[in-house]
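What follows is a set of notes on a single structure, which appears directly below.
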Amino acid sequence: MIHRFSRSLIVLAPLRLVLSVTVAATAVLLSGCAGPSPHYAPSIDNVELLKKSGAQPARVGAFDVAPGLPGATALSLRANTMVSSVGGHFGDYLATALRSELELARLYNPQSGTDVSGTLLKNNIDAGGLSTNNGQIEARFVVRRGGQVRFDKNKAIAHEWPGAFMGADAIPAAANNYPVMVRKLIAALIADPEFINALKN
Amino acid sequence: MKRFIQLILAGLACAVLFGCAHPITMNPDLGAVKAVTAPIDQRVALYIAEASKSIEVTTSAGGGDKVRYFPYRDMEPGLYKALSDTFREVTMVRDLGGLDKLRTEGKALLITPTITTQSSSESIVTWPPTQFTVELSCKVTDAAGKTIETVNVSGQGRATFDEFKGNFSLAATRASTDALTKLVKALGESALLRSQ
């Protein structure tokens, strides 16, 4: 909720001021908006690791979402809803994130015979906390080459950030932390030597 | 229970009446940051100290509120992308040990960015900034620490209510993208860098 009360409120009669503040507060607490997730920005630590890993270029295939997965297409951030800024669900967001990491490391090639795909298994944000908020993501990553599976593992992360009383503070903070969660998930993948080996010749 | 409700109402009234600093990001649109000239045949290192990444800046926004964000943390991927598109090879260094290692590995230029920002809004009823400015200065030094070039660019971002209602950070995103696009152009056109 981004509307705030005008400073001209201070010229209102006391009763109207109280009523107006009550109405505004109710609106702040109750009204919902839908917005896209922030753009994904690659982690340079991930990119540098990839560049030094000896991995060969790969392409990124489809990342599906598990059937009936809560948070697959929309995440509730208090009264707001956040949808994926790319594709139709958050599996597409994860695929785009992984592709951007590989691109920046110059390890993305859409013609490569090595394909990284996967399935989003968990996608959750709890943004209701006053002291802390948190989120969890889990995904299955599969590397195939020539129809042969070279890597097939689940990776999961949890992430925590400071909570806030006001939705106008807590909601953008939660949205801003979603790309951080995805970066942590990709970091967990890249840190797995078996994944790197699967990308080598 | 009554005390809890009083605390909630007091907090709510304070927040509504006195404003607060809302978190936004400056994450640029990396797809828009592209090389405009042939890459410079140089190996460069981007130096952003770990301490710089934790610097949180607070600037003006709408309705008397403010916004807060992390300029170095948010622009790091964009700076890395800009240098990747401009130079043959890019690496990241975060401390003096990394700098020494780089110098012993051979010829490399060191690029140290300085970021300053401003934001504002004409609105008195919405808080996201409608105008955002990113001043980006990149000092380029050689292995001996001698300054070879300093490139200064200014990125501007504007966003109207209809645009930012789905993305509170839009003006900031546009400004950082604009600054990086200009940085790629300015670095690519630098005769001093091409002659090294």
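When the range B:19-194 is described by a simple charge dipole with +1 on each Lys and Arg Cβ and -1 on each Asp and Glu Cβ, the residue from B:Y69, B:T160, B:L96 located farthest towards its positive end is B:L96. With a simple spin-label model that places each label point 7 Å from the Cα along the Cα-to-Cβ direction, the separation between B:S120 and A:A62 comes to 5.1 nm. Note on B:E105 and A:A74: with the Förster distance fixed at 35 Å, the Cβ-Cβ geometry gives a FRET efficiency of about 0.15. Here each label is just a point 7 Å from Cα along the line to Cβ, and for A:K200 and A:N154 those points are 2.8 nm apart.
For the protein assembly as shown, the antiparallel share of DSSP beta bridges with both residues in that region comes to about 75%. Distance between the pseudo-spin-label points of B:K139 and B:Q156 (7 Å out from Cα toward the beta carbon): 2.9 nm.
Amide H to amide H distances under 5 Å link A:A58 with A:Y108, A:N109, where only residues 5 or more positions off or on other chains count and H is placed in the peptide plane. Its relative contact order, with pairs defined as Cα atoms under 8 Å and 6+ residues apart, puts chain B at 25 percent.
For the range B:69-172, what does the relative contact order come out to in percent, with C-alpha contacts under 8 Å and a separation of six or more? The value is 20 percent.
In debye, nearest 20, what is the charge dipole magnitude of chain B about its Cα centre with +1 on Lys and Arg Cβ and -1 on Asp and Glu Cβ, if you could check? Show your work: numbers first, answer last.
Working: 22 positive and 20 negative charges, 57 e Å.
With Lys and Arg at +1 and Asp and Glu at -1, about 280 debye.
Using the alpha-carbon positions of the protein assembly as shown, Rg (one decimal) and Dmax (whole number) come out as 22.9, 76 Å. Each stretch of four or more DSSP H residues adds -39500 (n - 2.57); spread over every residue of chain B, this sum gives -11000 deg cm²/dmol at 222 nm.
Among the trypsin sites (Lys or Arg not before Pro) in the range B:93-127, those placed in a DSSP loop whose Cβ has at most 12 other Cβ atoms within 10 Å are B:K107.
For the pair A:T132 and A:K52, what calculated FRET efficiency results from E = 1/(1 + (r/R0)^6), where r is the Cβ-Cβ distance and R0 = 45 Å, to the nearest 0.05? Rounded to the nearest 0.05, the efficiency is 0.85.
How do B:E122, A:E101 rank when sorted from fewest to most other Cβ atoms within 10 Å of their own Cβ?
So the ranking, lowest neighbour count to highest, is B:E122, A:E101.
Mean projected area of the Cα convex hull of the range B:19-194, taken over all directions, amounts to 9.8 nm².
Under a Cβ-only charge scheme (Lys and Arg +1, Asp and Glu -1), can you give me the dipole magnitude of the range A:73-201 about the Cα centre, in debye to the nearest 20?
380 debye
Just so you know, all these numbers are worked out from the coordinates, no wet-lab data involved. It should be emphasised that the depicted structure is a prediction, and the values quoted were computed from it without experimental measurement. Neighbour counts are summed over all protein chains in view; Cβ atoms, including those assigned to glycine, are modelled from backbone coordinates with ideal geometry.
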